[in-house]
Amino acid sequence: MTEKSPENPPVKTRKPRQGRAVHKVELMLEAAMRLLDAKGYDGFTTNAVAETAGVSIGTLYQYFPNKESILDSLADREMNALSERILSVLADQATVSVRERVGLIVRAVAAAYGDRRRVHRLLMERSLARGTHRMAPLLEHLTTLLSSPSGPTAPGRNRRLTRGEAFVLTTAFVGVLRAMIMRPETAPSDAEIEDGLVRLVMGYADLARPVQAGSDTTSP
């Protein structure tokens, strides 16, 4: 009988640099996603991940010292992917309507989780449980974007948000999307969420102060 490798072997890990190594790590992470989706945390072990990925346990330990590091890598990847989806929608200059942009963001988040909503929720919960700093780049980018001259304005008004208002709006907006993923059983329909977020964004845009030449946009 072959003895299984321990979950915390004394192995110094390395970062993949060459294309072949990067591909191998991606295979292991995808195998981990499938395993987590099928069996949850209880059936998630390094040996099971290695077997599912078709690599030796020694190869896996070259990059991941234990199952916690695999889960952390998946959580990081999940948060980065979510941020990229949201930012790509906001960066699309062809979509000029606030409602269109909000709708695209809501639909992108909903579609991204599809049949794997359970496993993505587990990873989001893990990511956020380890600190909201993982969302800092997204929050900072959105805050800057919303308070910039190209940010949302109410119809017929030359107004923009202060940085403080943009920060509050961004935090509320991202919080709704997070709840949409983590508590789908209590969340309203995507259409209702979209309508609520549009009202939130446009409500702030309507309250924003008029833009004046030489004004300081960082304070009310």
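The values are calculated or read from the model by the stated rules, or taken from the named source; none is laboratory data. Remember, predicted model here, so these are calculated numbers, not experimental data. All Cβ positions, even for glycine, are placed from backbone atoms using ideal geometry, and neighbour counts span all protein chains on display.
Observations on the structure shown:
- Some residue of the range 42-57 being at pLDDT 90 or above, under 30 Å from E140 (Cβ atoms) and surrounded by 18 or more Cβ atoms within 10 Å (Cβ to Cβ): no
- If you filter the range 59-85 down to residues that are without any contact (Cβ under 8 Å) to a residue 12 or more places away in the chain and of a type outside the set (S, T, N, Q), you find that the one that is nearest to V119 (Cα to Cα) is E68.
- Filtering the range 58-76 to residues that are within 11 Å of K24 (Cβ to Cβ) and surrounded by fewer than 20 Cβ atoms within 10 Å (Cβ to Cβ) leaves T59, Q62.
- Filtered residue count, the range 24-57, keeping only those that are in a helix (DSSP H, G or I) and touching a residue at least 24 places away in the same chain (Cβ under 8 Å): 13
- Residues in the range 58-74 that are over 17 Å from L123 (Cβ atoms) and either assigned to a loop (DSSP other than H, G, I, E, B) or in contact with a helix residue (DSSP H, G or I) (Cβ under 8 Å, 6 or more places away or on another chain) (or both): T59, L60, Y61, Y63, P65.
- Matching option when the condition is closer than 20 Å to A75 by Cα, in a helix (DSSP H, G or I) and modelled with pLDDT of 75 or more, among L142, L128, L122: L122
- Test: residue in the range 186-206 that is over 19 Å from E100 (Cβ atoms) and modelled with pLDDT under 75: no
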